[in-house]
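Participant: One structure, as structure tokens, below. Some questions next.
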Amino acid sequence: MDKVIGCYTCKKDAKLIKRDQMTGQEKYESDKDRGEAEKVAQSQREQAKAEGENAANSEKTAKYFRDLATNNRTIADKIRRL
């Protein structure tokens with residue numbers, strides 16, 4: 001039995017058919033589309049990983065400057081006491 005789902009790009013109903021019922025051209029196009037989708041998915045995974053690394057580096061930078069400010073305040077307090 002064919003399934004009917006909505007197409008993400010054109011918003012029309014799309015039928016899913018079994019691979020063994022596809023013609024050679026349909027199999028070719030299906031493989032081509034699948035390859036493109038896998039490339040896009042891999043690209044998005046890499047981008048998400050890079051964003052995660054950027055966030056981690058930003059947190060490290062913020063911690064560094066917080067610690068630096070704390071040290072500067074400590075030194076300023078010691079100087080005032082002298």
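Just so it is clear, none of the values below were taken in a lab; they were calculated from the coordinates. Everything numeric in this text was worked out from a predicted model, so none of it was measured. Cβ: placed from backbone, ideal geometry, glycine included. Neighbour counts: every protein chain shown.
Participant: Would you mention how many residues in segment 10-43 are surrounded by 11 or more Cβ atoms within 10 Å (Cβ to Cβ) and without any contact (Cβ under 8 Å) to a residue 12 or more places away in the chain? Break it down into steps so the answer makes sense when it comes.
Facilitator: Just the residues of segment 10-43 that are surrounded by 11 or more Cβ atoms within 10 Å (Cβ to Cβ), to begin with: 14, 17, 22, 26-31.
Narrowing the set further to residues that are without any contact (Cβ under 8 Å) to a residue 12 or more places away in the chain leaves 14, 22, 26-31.
Result for segment 10-43: 8.
Participant: Could you figure out which of (1) under 30 Å from the mean Cα position of the chain (by Cα); (2) part of a helix (DSSP H, G or I); (3) of a type outside the set (Asp, Glu) isn't true of Gln25?
Facilitator: (1) is the only condition that Gln25 fails.
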